[in-house]
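S.K.: Questions regarding the structure given below will be posed in turn.
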Amino acid sequence: MRNMVSDAPRTTLTAFYWAFILYLLLPLTLMMAMSFKDANFVAFPIGDWTLDWYAKVMQDKQFLEACLYSIMIAAASTLAATTLGTWIAMLIVADGIRGRTIIFALACLPAVVPGMISAISLRIFISTIDMPTGTAAIILGHTVHAVPFVVVMALTRLRSMPRNLVDAARDLGADGVVAFFRVTLPYLGPALFGGMIFCVLLSIDDFVRTFFLGGYRPTLPMLIFAKVQGGMSPEINAMATIVLVVTAAVGLYAEFITRRARTR
Amino acid sequence: MVNSNTIAGDAAGRSASIPKYSTGIARIVNSAIYRHTLGAAVESPIGRVILLAGVPLIWLVMLHIGPIYQMLKISLLSHYPAQPGVESHFTFDNYAIFFRESLYFTPLIKSFIFATAATAATLVVVYPVAYYVAKIVKPEGRSKALLLLLVPFWAGELIRTFSVIMLLANRGAVNVLLREIGLIDRPIPMLYTSFSLGFGLVYLICLYMLLPLYSAIEKIPGQYLDAAADLGAGPFTRFRRIILPLSKDGIVSGCSLVFLTCIGVFATPMLLGGPNTVMFPETISGFFHGASDKWPVGAAFALIMLVTALIAAGIFMRLVGGKKGSAI
């Protein structure tokens, strides 16, 4: 009886789920398909197919430079954010710390402030400390953006850590620093790895902070934004497709790694 | 003792019960430099506190509060950046400008309406999906069903926005399809309107709604639903009396997250919106490009937006989250 009643909603929901998947994937699929169009303008139907746009993108110096620049910024900000985020998380779980909640709220602040406002406040901030716009400012901005996510991920893992691991190390004569590097850090490993990949994607994806903090050297999103505003061409589609495939592969890999770590 | 060493992954420590290491870190730890600096610091209580709290607190105060504080400070100045010969003084004028000119507060109201509408639309669209994955898909299939939903989100904000253009442009997929099957003669202008902007926003942010909803719904014990069904509650009653109240946490955090993200979206309105959909972030951005002496006004406006957005999110949390669930 019950199953008969719940069958109709079940079918509807299943259909809805797949319709939603279609909604998510269709625009991206169309965008990728368009990158193979053998014409100078973006329009359906596609008609003739070609790989020329990819050849063109791969020779586009501007694109390759933007890729390298984005990767460099992502690497630097990820490294900084992971270090700081872990450090903050260690402070939050430490014994005898007063104002734990305040520290945690502070650590999460950049994740709650809308991106645009965060970008503007950082732009003002770097000007008050006489820091020029450019690479260092972008890295700083991306680091601020990424720290809350690392803190949350590290905290989740730290809370599941058996206390006696560190106690045992301390009993055996390791001081706090040694215990951290030899016991806590290895235990945090998988969570931090997932967090780092997330930071990389966050940084490569970021537009608004880079827009306000950047100099004249475009990162990938800036380049794509400038190209889209400058007029449509399947070349942008090819560019976006390459970026999409690479970031999706990285994301999938990270998902795989963290999932394996979780089930272990 | 041996056991705990193994757990710690310390192969070298197994042979010793006193600190005598032989590997990489060990050489550092045993060196004189370490013993007299870090090593000594860790030994003393004050040193330990500084080591643990120093860098994190400096970072949090400098870079998590610092920028907002500087923004507040500058929003109360008449001139910034400093110009030779112009004296800067304390003023509330930058805030007053906002209320004087409809040119400024109309975009803020528009931003709020859009963000609210997009949040509501996202909730309605994503809720059934989250419910489906959390309750109807079998546990072993759940991670696959979720993964499929996550795939588009590894594409960046700009790429996703750009892909919406492919769908909605005058010669985009929808218009071409409709013309092929003979429903329309000329393309429906969808791009650069409120519709394309709303569509793009929902497309951009639905993940932020999905994850909180999913984790809230997943936690609802299946027995509650079975019990309600046994007592004669139909699907609608079960949804209204059990699932909805018990997933309230997810709804509140999902909606707040989506709302705050929507308010701060900058690139999407510029690419998908038209002249009628100038949002507040774009207005603010104008003060920072070109005439640089308008920085204080921009800072004031950014703060107005931040405060109103947080208040709106707070009111929402209070309204929805404040009531205690009536189901149990």
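The values are calculated or read from the model by the stated rules, or taken from the named source; none is laboratory data. These numbers were taken from a predicted model, which means no experiment stands behind them. Virtual Cβ from ideal backbone geometry, glycine too; neighbours counted across all protein chains shown. For accessibility, only protein heavy atoms count, side chains too; no ligands or nucleic acids. Shrake-Rupley method; radii C 1.70, N 1.55, O 1.52, S 1.80 Å.
S.K.: For A:M239, work out the one condition from (1) part of a helix (DSSP H, G or I); (2) more than 30 Å from A:V166 (Cα to Cα); (3) open to solvent by 60 Å² or more (accessible area, probe 1.4 Å); (4) in contact (Cβ under 8 Å) with a residue 60 or more places away in the chain it doesn't fulfil.
M.R.: Condition (3) is where A:M239 drops out.
S.K.: May I pose another question? Would you please name the residue that is nearest to B:Y80 (Cα to Cα), looking only at residues in segment A:133-148 that are of a type in the set (A, V, I, L, M) and more than 9 Å from every other protein chain (Cβ to nearest Cβ)? Please lay out each step first, then the result.
M.R.: Taking segment A:133-148 and keeping what is of a type in the set (A, V, I, L, M), we get A:136-140, A:144, A:146-147.
If we keep only those that are more than 9 Å from every other protein chain (Cβ to nearest Cβ) too, we end up with A:136-139, A:146.
On the way: A:A136: 22, A:A137: 19, A:I138: 22, A:I139: 24, A:A146: 29 Å.
Once the filter is applied, the top-ranked residue is A:A137.
S.K.: Oh, and also: Output the residues belonging to segment A:145-164 that are farther than 15 Å from A:F104 by Cβ, hydrophobic (A, V, I, L, M, F, W, C) and free of Cβ contacts under 8 Å to residues at least 60 places away in the same chain.
M.R.: Within segment A:145-164, just A:M161 meets the criteria.
S.K.: Pick out the one residue from A:A39, A:A43, A:A81 that is assigned to a helix (DSSP H, G or I) and either open to solvent by less than 80 Å² (accessible area, probe 1.4 Å) or modelled with pLDDT of 75 or more (or both).
M.R.: After applying the criteria, what remains is A:A81.
S.K.: Next up: Give segment B:98-128 a look and list any residue that's surrounded by fewer than 16 Cβ atoms within 10 Å (Cβ to Cβ) and of a type in the set (V, I, T), or say none.
M.R.: Correct list: B:T106, B:I109, B:I113, B:V124.
S.K.: Can you name the residue in segment B:44-86 that is at the interface with another protein chain (Cβ under 7 Å from one of its Cβ atoms) and over 22 Å from A:I126 (Cβ atoms) and, of all such residues, is nearest to the chain's Cα centre (by Cα)?
M.R.: Among those that are at the interface with another protein chain (Cβ under 7 Å from one of its Cβ atoms) and over 22 Å from A:I126 (Cβ atoms), it is B:A53.
Yes/no matrix, rows are residues, columns are (1) more than 11 Å from every other protein chain (Cβ to nearest Cβ); (2) modelled with pLDDT of 80 or more; (3) crowded, with 23+ Cβ neighbours inside 10 Å; (4) assigned to a helix (DSSP H, G or I):
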{"position": "A:V152", "(1), (2), (3), (4)": "yes, yes, no, yes"}
{"position": "A:T156", "(1), (2), (3), (4)": "yes, yes, no, yes"}
{"position": "A:V166", "(1), (2), (3), (4)": "no, no, no, yes"}
{"position": "A:L185", "(1), (2), (3), (4)": "no, yes, no, yes"}
{"position": "A:P190", "(1), (2), (3), (4)": "yes, no, no, yes"}
{"position": "A:I197", "(1), (2), (3), (4)": "no, yes, no, yes"}
{"position": "A:P218", "(1), (2), (3), (4)": "yes, yes, no, no"}
{"position": "A:M222", "(1), (2), (3), (4)": "no, yes, no, yes"}
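S.K.: Search segment B:177-207 for residues being within 21 Å of A:G115 (Cβ to Cβ) and among the β-branched types (V, I, T), and hand back the single one that is nearest to the other protein chains (Cβ to nearest Cβ).
M.R.: Of all residues in segment B:177-207, those within 21 Å of A:G115 (Cβ to Cβ) come to B:196-207.
Next, only the ones that are among the β-branched types (V, I, T) stay: B:202, B:205.
On the way: B:V202: 9, B:I205: 12 Å.
Among residues in segment B:177-207 that are within 21 Å of A:G115 (Cβ to Cβ) and among the β-branched types (V, I, T), the one nearest to the other protein chains (Cβ to nearest Cβ) is B:V202.
S.K.: Moving on to the next point. A:I92: within 22 Å of B:L57 (Cα to Cα), more than 7 Å from every other protein chain (Cβ to nearest Cβ) and surrounded by fewer than 21 Cβ atoms within 10 Å (Cβ to Cβ), yes or no?
M.R.: Details: within 22 Å of B:L57 (Cα to Cα): yes; more than 7 Å from every other protein chain (Cβ to nearest Cβ): yes; surrounded by fewer than 21 Cβ atoms within 10 Å (Cβ to Cβ): yes.
Criteria met by A:I92.
S.K.: Next up: Would you point out the residue of segment B:177-198, among those that are free of Cβ contacts under 8 Å to residues at least 40 places away in the same chain and in a helix (DSSP H, G or I), that is most open to solvent (accessible area, probe 1.4 Å)?
M.R.: Taking segment B:177-198 and keeping what is free of Cβ contacts under 8 Å to residues at least 40 places away in the same chain, we get B:177-190, B:195.
Next, only the ones that are in a helix (DSSP H, G or I) stay: B:177-180, B:195.
Numbers: B:L177: 109, B:L178: 41, B:R179: 107, B:E180: 145, B:F195: 112 Å².
That would be B:E180.
S.K.: Here's something else I'd like to know. So which residues in segment B:260-277 are in contact (Cβ under 8 Å) with a residue 60 or more places away in the chain and at the interface with chain A (Cβ under 8 Å from one of its Cβ atoms)?
M.R.: Selection gives B:I263, B:V265, B:A267, B:L271.
S.K.: Considering only residues that are hydroxyl-bearing (S, T, Y) and either part of a loop (DSSP other than H, G, I, E, B) or open to solvent by less than 30 Å² (accessible area, probe 1.4 Å) (or both), which ones fall in segment A:242-257?
M.R.: Keep residues of segment A:242-257 that are hydroxyl-bearing (S, T, Y), which gives A:247, A:253.
Result: A:T247, single match.
S.K.: Taking the condition buried (at least 20 other Cβ atoms within 10 Å of the Cβ) and of a type outside the set (K, R), does A:V177 pass?
M.R.: Values: buried (at least 20 other Cβ atoms within 10 Å of the Cβ): no; of a type outside the set (K, R): yes.
When the stated conditions are applied, A:V177 does not pass them.
S.K.: Turning to a different aspect of this structure: Give the residues of segment A:224-261 that are facing another protein chain (nearest Cβ under 10 Å) and over 17 Å from the mean Cα position of the chain (by Cα), sorted by residue number.
M.R.: Step one: of segment A:224-261, the residues facing another protein chain (nearest Cβ under 10 Å) are A:224-225, A:227-229, A:232, A:236-237, A:239-241, A:243-252, A:254-256, A:259.
Those that are facing another protein chain (nearest Cβ under 10 Å) and over 17 Å from the mean Cα position of the chain (by Cα): A:I224, A:F225, A:K227, A:V228, A:Q229, A:M232, A:I236, A:N237, A:M239, A:T241, A:R259.
S.K.: Continuing with the same structure: If you scan segment A:116-132, which residues turn out to be within 11 Å of another protein chain (Cβ to nearest Cβ) and open to solvent by 20 Å² or more (accessible area, probe 1.4 Å)?
M.R.: Step one: filter segment A:116-132 for residues within 11 Å of another protein chain (Cβ to nearest Cβ), giving A:116-130.
The answer is A:R123, A:S127, A:T128, A:I129, A:D130.
S.K.: Still on this structure, please answer the following. In the set B:L225, B:L204, B:L257, which member is in contact with a Lys or Arg (Cβ under 7 Å, 6 or more places away or on another chain), open to solvent by 10 Å² or more (accessible area, probe 1.4 Å) and either at pLDDT 85 or above or not aliphatic (A, V, I, L, M) (or both)?
M.R.: Values: B:L225 fails: either at pLDDT 85 or above or not aliphatic (A, V, I, L, M) (or both); B:L257 fails: in contact with a Lys or Arg (Cβ under 7 Å, 6 or more places away or on another chain).
Of the residues listed, the single one that is in contact with a Lys or Arg (Cβ under 7 Å, 6 or more places away or on another chain), open to solvent by 10 Å² or more (accessible area, probe 1.4 Å) and either at pLDDT 85 or above or not aliphatic (A, V, I, L, M) (or both) is B:L204.
S.K.: Identify, from the list B:A134, B:A130, B:A169, the residue that is more than 30 Å from B:F236 (Cβ to Cβ) and among the small types (G, A, S). Even if it seems obvious, please write down each step before you answer.
M.R.: On the way: B:A134 fails: more than 30 Å from B:F236 (Cβ to Cβ); B:A130 fails: more than 30 Å from B:F236 (Cβ to Cβ).
Every option except B:A169 fails the conditions.
S.K.: Among (1) open to solvent by 10 Å² or more (accessible area, probe 1.4 Å); (2) more than 7 Å from every other protein chain (Cβ to nearest Cβ); (3) in contact with a helix residue (DSSP H, G or I) (Cβ under 7 Å, 6 or more places away or on another chain); (4) modelled with pLDDT of 85 or more, where does B:Y132 come up short?
M.R.: Checking B:Y132 against (1) open to solvent by 10 Å² or more (accessible area, probe 1.4 Å); (2) more than 7 Å from every other protein chain (Cβ to nearest Cβ); (3) in contact with a helix residue (DSSP H, G or I) (Cβ under 7 Å, 6 or more places away or on another chain); (4) modelled with pLDDT of 85 or more, the one that fails is (2).
S.K.: Next question, about the same structure. Being open to solvent by 40 Å² or more (accessible area, probe 1.4 Å) and either of a type outside the set (K, R) or more than 7 Å from chain A (Cβ to nearest Cβ) (or both) is the filter here, so list the residues in segment B:158-176 that pass it.
M.R.: Pass one, segment B:158-176, residues open to solvent by 40 Å² or more (accessible area, probe 1.4 Å): B:170-171, B:174.
Passing the criteria: B:N170, B:V174.
S.K.: Exactly one of these conditions fails for B:A155: (1) open to solvent by 40 Å² or more (accessible area, probe 1.4 Å); (2) within 13 Å of another protein chain (Cβ to nearest Cβ); (3) touching a helix residue (DSSP H, G or I) at 6+ places or on another chain (Cβ under 8 Å). Give me its number.
M.R.: Failed condition: (1).
S.K.: Here is a check on your reading of the model: is B:F236 surrounded by fewer than 16 Cβ atoms within 10 Å (Cβ to Cβ) and among the aromatic types (F, W, Y)?
M.R.: Working: surrounded by fewer than 16 Cβ atoms within 10 Å (Cβ to Cβ): yes; among the aromatic types (F, W, Y): yes.
So B:F236 fits the description; yes.
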